[in-house]
Amino acid sequence: MIPRSIPFCCLLAAIACGVLGSLCLPRVGTADDDVEFFEKRIRPLLAQRCEVCHSQSRGETSGGLALDTRDGWQQGGDSGSPILPGKPGESLLIRAVKYDEDGPQMPPKEK
C-alpha cells in the first residue's frame with residue numbers, strides 16, 4: 001500500500017527514474033535483484049495505473065502506446081518512445097507523470 005502522504009506522481013516519477021537509470025547505467029546488483037524490484041515495485045503500479053489504457057493484451061493502446069510489452073516500451077506510441085536512455089528527465093514517461101505543461105499528463109484523470 002502506498003502512503004497517502006506521498007503524491008502518486010512523485011512516487012511514480014522516482015520509480016520510473018530508477019527503472020530508466022537502471023537501463024542506462026552499469027548494473028550494480030544481480031539480474032535477479034532487478035527482476036525482483038520490477039515485479040514488486042514497478043509492475044503493480046503499471047498494472048494499476050497504466051495498463052487500463054496502455055495494454056496490448058487488453059486490446060487498449062491509447063495513443064498507440066502499449067506498456068505491457070518490451071516492444072511497446074521500445075517503439076512507443078503516437079508521441080514517440082516513453083523512455084529516453086541516459087536522459088530520464090527528458091523522457092516522455094517522466095514528463096507525463098510529473099504533469100509537465102508541455103506534454104501529456106498521465107494518468108489523465110488524476111495527478
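Below are the figures for this structure:
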| quantity | calculated |
| --- | --- |
| HN-Hα J in Hz across segment 93-99 - Karplus 6.51, -1.76, 1.60, θ = phi - 60°, x for Gly and Pro | 4, 5, 4, 5, 6, 8, 6 |
| Lysines whose Cα lies under 21 Å from that of K87, excluding same-chain neighbours fewer than 8 positions away | K98 |
| Partners for K40 among aspartates and glutamates (Cα-Cα distance below 17 Å; same-chain residues under 8 apart left out) | D32, E51, D68 |
| Peptides 67-79, 43-55, 87-99 ordered by average Cβ neighbours within 10 Å, highest first | 87-99, 43-55, 67-79 |
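Values quoted throughout were computed directly from the atomic coordinates according to the rules given, and no laboratory measurement underlies them. This is a predicted model, so every value here is computed, not measured. Using ideal geometry, Cβ is built from the backbone for each residue, glycine included, and neighbour counts are taken over all protein chains shown.
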